[in-house]
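*Asks:* Mind looking over this structure? Questions follow.
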Amino acid sequence: MASKTPWKSDNWYVSQWNYAQEVVKDFKFAKNIKVHDITLRDGEQQTGIIMTMDDKIRIAEGLAEAGVHRIEAGMPIVSPSDAAAIKAIVKRNLGPQIFAFSRCMKEDVQRAIDTGVNGVVMEIPSSQHMVDLAYKWPMEKAIETSIEATLFARDNGLEVVFFPIDFSRSEMDWVLNLIQRVATEGHMDALALVDTFGVVSPHAMQYFVREVKKRINKRLEAHFHQDFGMGVANTIMALAEGVEVMHTTVLGVGERAGNTPMEETVMALLTMYNVDVGLDYTKLTPLANLVQQITGVAVPSNKPVVGKALYQIESGIIASWYKNCGEKYATELFPVRWNAVGQPAPIVVMGKGSGIDSVKMWLTEAGIEASEDEALKITAAVKLHSLKTKQLLTEAEFAKIAKEVVGQRAAA
């Protein structure tokens with residue numbers, strides 16, 4: 001739950017400036033923001049990621065355990081195995097709504113219907129250049145197929161999220177005219193604000209949402225890519241304007257530079273905006289580890305929220321701070337407490353950046369007694385060893401160095 005003192009709680013400590021009246025006065029966050037996870041569809045479109053049916057089921061189960069509200073389980077038209085995976089996820093009745101992804105074509109929609117999903121996200125090219133150059137369709141064909149397919153989806157009981165590809169590179173009036181026509185002549189329960197190539201700046205996002213709201217009176221959903229690393233900021237900007245659903249992936253996996261990462265977005269919302277989307281945040285790291293294991297994606301050790309080295313302390317200065325603060329006041333050093341996101345407790349590691357306090361901690365753990373002068377010599381030897389190997393030291397390597405230094409005293 002969000003804290004009553006929102007910038008500082010037992011589990012996090014962020015800037016109180018986030019809550020200044022001048023900052024929050026224009027926020028329009030919806031009361032019940034939903035997470036629509038697209039790891040199993042857009043995430044799998046990342047080059048080299050291949051998921052079996054069992055993989056998809058395991059990830060879907062992990063998403064459900066974390067409390068995700070909606071799962072986009074795949075695009076059934078892609079292959080029989082994709083359709084089978086969606087059916088298997090639906091049959092498990094995990095809790096979240098299950099959506100399929102389709103083109104705005106009746107055949108695609110029928111495949112979605114056959115899987116038993118609750119809803120369908122329906123794509124259509126929505127920039128003139130994309131229609132002309134990539135799809136090579138007459139625009140009228142794109143509109144007519146969209147109208148026909150969305151009505152077909154509605155008549156078969158599916159919730160319809162209209163998904164205009166390349167929305168953000170279109171001329172605003174032109175694309176809104178297209179969308180209004182589909183919404184009026186066809187059917188649309190919700191409209192996805194799609195930044196297919198991650199090209200909207202956070203400053204332009206507010207304009208984007210407000211201009212759409214002037215013309216479209218439907219639930220809005222945020223689907224943003226990370227080509228310039230703006231996905232988290234843009235998603236939060238859109239939500240602050242009243243957008244109700246965010247499309248995210250675990251670890252930010254996805255086409256090219258990926259999609260908006262779930263873990264960073266939901267934790268930023270919770271700690272910096274006092275917006276609790278209702279997830280079990282302690283499941284974020286286990287879920288990220290599962291997706292990493294299944295997909296084989298390389299995850300930076302300092303990845304926000306879920307990186308494996310976030311709570312490893314090498315710097316001698318930080319180790320001294322940690323010794324002084326202890327676990328009780330650890331949010332002085334870490335903006336989020338480890339167990340709040342399912343991370344292991346902090347550890348002091350040994351390497352080139354270590355200082356004498358780190359060495360003394362390790363000496364105590366190893367049961368090795370050393371004088372102040374010997375501890376300084378051990379610190380110097382540790383730094384030299386780490387510089388040579390370009391690695392952190394193991395306990396065995398540290399003990400060997402420490403015993404050699406202490407042994408010199410005994411030999412003398």
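*Asks:* Can you tell me which residue among 175, 212 is modelled with pLDDT under 95, open to solvent by less than 10 Å² (accessible area, probe 1.4 Å) and of a type outside the set (Asp, Glu)? Break it down stepwise before answering.
*Replies:* Numbers: 212 fails: modelled with pLDDT under 95.
From the options 175, 212, the qualifying one is 175.
*Asks:* Within segment 368-392, restricting attention to residues that are among the charged types (D, E, K, R) and in a loop (DSSP other than H, G, I, E, B), which residue is modelled with the lowest pLDDT?
*Replies:* Step one: of segment 368-392, the residues among the charged types (D, E, K, R) are 369, 372-374, 377, 383, 388, 390.
Those left that are additionally in a loop (DSSP other than H, G, I, E, B): 369, 390.
On the way: 369: 94, 390: 97.
Checking each candidate, the answer is 369.
*Asks:* Among all residue pairs at least 6 apart or on different chains, which show Cβ distances below 9 Å where the first residue, located in segment 355-369, is on the phi > 0 side of the Ramachandran plot and the second is of a type outside the set (A, V, I, L, M, F, W, C) and open to solvent by less than 40 Å² (accessible area, probe 1.4 Å)?
*Replies:* Short answer, once both residue conditions are applied: none.
*Asks:* Let me ask something else. Of the conditions (1) under 20 Å from residue 157 (Cα atoms); (2) small (Gly, Ala, Ser); (3) not in a helix (DSSP H, G or I), residue 88 satisfies every one except a single condition; which number is it?
*Replies:* (3)
*Asks:* Within segment 249-261, track down each residue that is more than 25 Å from residue 345 (Cα to Cα) and either assigned to a loop (DSSP other than H, G, I, E, B) or among the small types (Gly, Ala, Ser) (or both). Show your work before the answer.
*Replies:* Initially, segment 249-261 is screened for residues more than 25 Å from residue 345 (Cα to Cα), giving 249, 253-260.
Hits for segment 249-261 are 253, 254, 255, 256, 257, 258, 260.
*Asks:* Next up: Given the criteria touching a Leu at 6+ places or on another chain (Cβ under 7 Å) and either over 20 Å from residue 289 (Cα atoms) or open to solvent by less than 90 Å² (accessible area, probe 1.4 Å) (or both), does residue 59 qualify? Spell out the reasoning first.
*Replies:* On the way: touching a Leu at 6+ places or on another chain (Cβ under 7 Å): yes; either over 20 Å from residue 289 (Cα atoms) or open to solvent by less than 90 Å² (accessible area, probe 1.4 Å) (or both): yes.
Yes; evaluated as a whole, the condition is true for this residue.
*Asks:* I've got another one for you. Residue 100 versus (1) over 28 Å from residue 214 (Cβ atoms); (2) open to solvent by 10 Å² or more (accessible area, probe 1.4 Å); (3) among the small types (Gly, Ala, Ser): which is the lone unmet condition?
*Replies:* (2)
*Asks:* Now, a different point. Can you name every residue in segment 11-45 that is in contact with a strand residue (DSSP E or B) (Cβ under 8 Å, 6 or more places away or on another chain), within 30 Å of residue 81 (Cα to Cα) and open to solvent by 40 Å² or more (accessible area, probe 1.4 Å)?
*Replies:* Within segment 11-45, the first condition is being in contact with a strand residue (DSSP E or B) (Cβ under 8 Å, 6 or more places away or on another chain), and the residues that meet it are 11-12, 14, 16, 33-43.
Add one more test, that the residue is within 30 Å of residue 81 (Cα to Cα), and what stays is 34-43.
Correct list: 34 only.
*Asks:* Just checking, which of 28, 87 is under 25 Å from residue 175 (Cα atoms) and of a type in the set (Lys, Arg)?
*Replies:* On the way: 87 fails: under 25 Å from residue 175 (Cα atoms).
It is 28.
The rows are residues; the columns are (1) touching a Phe, Trp or Tyr at 6+ places or on another chain (Cβ under 9 Å); (2) part of a helix (DSSP H, G or I); (3) modelled with pLDDT under 95.
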| site | (1), (2), (3) |
| --- | --- |
| 188 | yes, no, no |
| 194 | yes, no, no |
| 198 | yes, no, no |
| 207 | no, yes, no |
| 236 | yes, yes, no |
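*Asks:* Within segment 311-320, how many residues turn out to be under 24 Å from residue 290 (Cα atoms) and open to solvent by less than 30 Å² (accessible area, probe 1.4 Å)? Break it down into steps so the answer makes sense when it comes.
*Replies:* So the first thing to find is which residues in segment 311-320 are under 24 Å from residue 290 (Cα atoms), and the list is 311-312.
The next check asks that each one be open to solvent by less than 30 Å² (accessible area, probe 1.4 Å); those that pass are 311.
Final tally of qualifying residues: 1.
*Asks:* If the requirement is being open to solvent by less than 50 Å² (accessible area, probe 1.4 Å), at pLDDT 95 or above and assigned to a loop (DSSP other than H, G, I, E, B), which of these qualifies: 277, 291?
*Replies:* Details: 291 fails: assigned to a loop (DSSP other than H, G, I, E, B).
Of 277, 291, the one residue that is open to solvent by less than 50 Å² (accessible area, probe 1.4 Å), at pLDDT 95 or above and assigned to a loop (DSSP other than H, G, I, E, B) is 277.
*Asks:* Take residue 8 and tell me if it is at pLDDT 95 or above, more than 19 Å from the chain's Cα centre (by Cα) and open to solvent by 80 Å² or more (accessible area, probe 1.4 Å).
*Replies:* Against the criterion (at pLDDT 95 or above, more than 19 Å from the chain's Cα centre (by Cα) and open to solvent by 80 Å² or more (accessible area, probe 1.4 Å)), residue 8 qualifies.
*Asks:* Of all residues in segment 215-234, how many are out of contact with any Phe, Trp or Tyr (no Cβ under 8 Å at 6 or more places or on another chain), over 19 Å from residue 162 (Cα atoms) and buried (at least 24 other Cβ atoms within 10 Å of the Cβ)?
*Replies:* The number of residues fulfilling the criteria is 1.
*Asks:* Identify the residue in segment 330-344 that is in a loop (DSSP other than H, G, I, E, B) and closer than 20 Å to residue 15 by Cα and, among all such residues, is modelled with the lowest pLDDT. So that I can check it myself, show each step before the final result.
*Replies:* We begin by selecting, within segment 330-344, every residue in a loop (DSSP other than H, G, I, E, B); these are 333-335, 337, 342-344.
Subsequent filtering for residues that are closer than 20 Å to residue 15 by Cα retains 333-335, 337.
Values: 333: 92, 334: 96, 335: 96, 337: 97.
Of everything passing the filter in segment 330-344, 333 is modelled with the lowest pLDDT.
*Asks:* Any residue that is over 30 Å from residue 141 (Cβ atoms) and either in contact with a helix residue (DSSP H, G or I) (Cβ under 6 Å, 6 or more places away or on another chain) or open to solvent by less than 30 Å² (accessible area, probe 1.4 Å) (or both) - is there at least one of those in segment 106-118?
*Replies:* Of the residues in segment 106-118, the ones over 30 Å from residue 141 (Cβ atoms) are none.
For segment 106-118, residues over 30 Å from residue 141 (Cβ atoms) and either in contact with a helix residue (DSSP H, G or I) (Cβ under 6 Å, 6 or more places away or on another chain) or open to solvent by less than 30 Å² (accessible area, probe 1.4 Å) (or both): absent.
*Asks:* From 283, 308, 303, 323, which residue is at pLDDT below 95, out of contact with any Pro (no Cβ under 8 Å at 6 or more places or on another chain) and open to solvent by 10 Å² or more (accessible area, probe 1.4 Å)?
*Replies:* Values: 283 fails: at pLDDT below 95; 308 fails: at pLDDT below 95; 303 fails: at pLDDT below 95.
Criteria check complete, one pass: 323.
*Asks:* Within the group 34, 87, 91, 56, which residue is closer than 28 Å to residue 241 by Cβ, at pLDDT 95 or above and basic (Lys, Arg)?
*Replies:* Exactly one residue qualifies, and that residue is 34.
*Asks:* Which of (1) at pLDDT 95 or above; (2) under 26 Å from residue 39 (Cα atoms); (3) open to solvent by 10 Å² or more (accessible area, probe 1.4 Å); (4) under 30 Å from the mean Cα position of the chain (by Cα) does residue 154 not meet, given it meets every other one?
*Replies:* It is condition (4) that residue 154 fails.
*Asks:* Which of the following residues is part of a helix (DSSP H, G or I) and among the acidic types (Asp, Glu): 264, 327?
*Replies:* Working: 327 fails: part of a helix (DSSP H, G or I).
Answer to the check: 264.
The values are calculated or read from the model by the stated rules, or taken from the named source; none is laboratory data. The structure displayed is predicted, hence computed values, not measured ones. Cβ coordinates were reconstructed from backbone atoms using ideal geometry, including for glycine residues, and neighbour counts include every protein chain displayed. Accessible surface is based on the protein model in full, side chains and every heavy atom, while ligands, DNA and RNA are left aside. Shrake-Rupley method; radii C 1.70, N 1.55, O 1.52, S 1.80 Å.
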